[in-house]
Structures are given as C-alpha cells and as structure tokens.
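Below is one structure; the comments refer to it alone.
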Amino acid sequence: MAKIRHIAIRTPDPDALSKFYCEVFGMHVRQDYPAVPGTARAIFVSDGYLEVALIQSKERVGINHFGFTLEQGEQGEIYEKLKSHGVTPKTANPDRPYIEDIMIDIDGNKVDLTTVGLRGATNPA
C-alpha cells in the first residue's frame, strides 16, 4: 500500500530549522544535500519513520510537497488510476536519486512518487 513517507518544508535557514527539530523533538539529521543546478540545498531530518526535507528558499516558507513510497507491484496500477484522473507523472530531476517521478495533483499540489523511498538514499536511517 502506498504510504506518505516524507514532507518537505521551505525555509530560509535549513540549519536553524533542523537544529530546532532535532533539539525539540529528538529527530536526527539523515542527509545534508548541497544546492545543485535547479535544486536548492536541503537537510533531511527523521524521527526514524517519517522524513522531513528542509529546503532552502528565500521566496516562500511552509509546506512544499509530500511524497508517497509505493510498493513495486502497485506502481503500474496507481499510475493508471492517476491517468484516469488526468494526472501524468513526470520523471524527477536525476540529481535526486531517491525519487523517480513527480506529479501535480488535481488541486496543483506537488507530490513525489518512488518505489525506493528516501531510505534508498546514501545514508539510510
């Protein structure tokens, strides 16, 4: 079954926000990604189950997107259901190896789609 496994928050200071979540809620830093062309710097903190991506942004702050981790066997069926609602997933930026596709839902919300999830990244929890 598809599960929401991460949420992304835009922040002007990912270092300060990551320190806040780690000190207050006992989360830990899993990954610290530098900015690359087309993608902002991001620090990923986790409680051991859910990932919170803290994405550097000067323009806006707040929730940026969330992501579903899909089981391998359900991906095709879910993509067909998306298409029946007029939604077509697009291939994600290849510099972000922990997601395969991105979709925009029927209200315009950005959603990451993956079968490997954030735990497929280089520093697993």
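Give me the residue from the range 69-91 that is in a loop (DSSP other than H, G, I, E, B) and crowded, with 17+ Cβ neighbours inside 10 Å and, out of that set, modelled with the highest pLDDT. Checking each candidate, the answer is 89.
Of all residues in the range 9-50, those satisfying the criterion of being hydrophobic (A, V, I, L, M, F, W, C) and in contact with a His (Cβ under 9 Å, 6 or more places away or on another chain) are 22, 44, 45, 50.
When we screen 55, 9, 43 for residues that are in contact with a Pro (Cβ under 6 Å, 6 or more places away or on another chain) and crowded, with 17+ Cβ neighbours inside 10 Å, the only hit is 43.
Looking only at the range 23-40, residues that are surrounded by 14 or more Cβ atoms within 10 Å (Cβ to Cβ) and part of a helix (DSSP H, G or I) come to 0 in all.
Conditions (1) under 16 Å from residue 117 (Cα atoms); (2) in contact (Cβ under 8 Å) with a residue 12 or more places away in the chain; (3) among the hydrophobic types (A, V, I, L, M, F, W, C), marked per residue:
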{"site": "14", "(1), (2), (3)": "no, yes, no"}
{"site": "35", "(1), (2), (3)": "no, yes, yes"}
{"site": "63", "(1), (2), (3)": "no, yes, yes"}
{"site": "72", "(1), (2), (3)": "yes, yes, no"}
{"site": "77", "(1), (2), (3)": "no, no, no"}
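When every residue of the range 22-41 is checked against the conditions, at least one turns out to be in contact with a Phe, Trp or Tyr (Cβ under 6 Å, 6 or more places away or on another chain) and of a type in the set (S, T, N, Q).
When 101, 95 are checked against the criterion of being at pLDDT 85 or above and of a type in the set (Asp, Glu), 101 stands alone in meeting it. The residue that is modelled with the highest pLDDT, among those in the range 116-125 that are of a type in the set (A, V, I, L, M, F, W, C) and either part of a loop (DSSP other than H, G, I, E, B) or farther than 20 Å from residue 3 by Cβ (or both), is 116.
Rundown of residues vs (1) within 19 Å of residue 33 (Cβ to Cβ); (2) modelled with pLDDT of 90 or more; (3) among the β-branched types (Val, Ile, Thr), yes/no style:
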| position | (1), (2), (3) |
| --- | --- |
| 57 | yes, yes, no |
| 67 | yes, no, no |
| 108 | no, no, no |
| 114 | yes, no, yes |
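For the criterion of being more than 22 Å from residue 109 (Cβ to Cβ), assigned to a strand (DSSP E or B) and either within 12 Å of the chain's Cα centre (by Cα) or of a type in the set (Phe, Trp, Tyr) (or both), residue 43 passes.
The values are calculated or read from the model by the stated rules, or taken from the named source; none is laboratory data. Please read these numbers as outputs of a predicted model, since none were measured by experiment. Glycine gets a Cβ as well: all are built from the backbone with ideal geometry, and neighbour counts include every protein chain shown.
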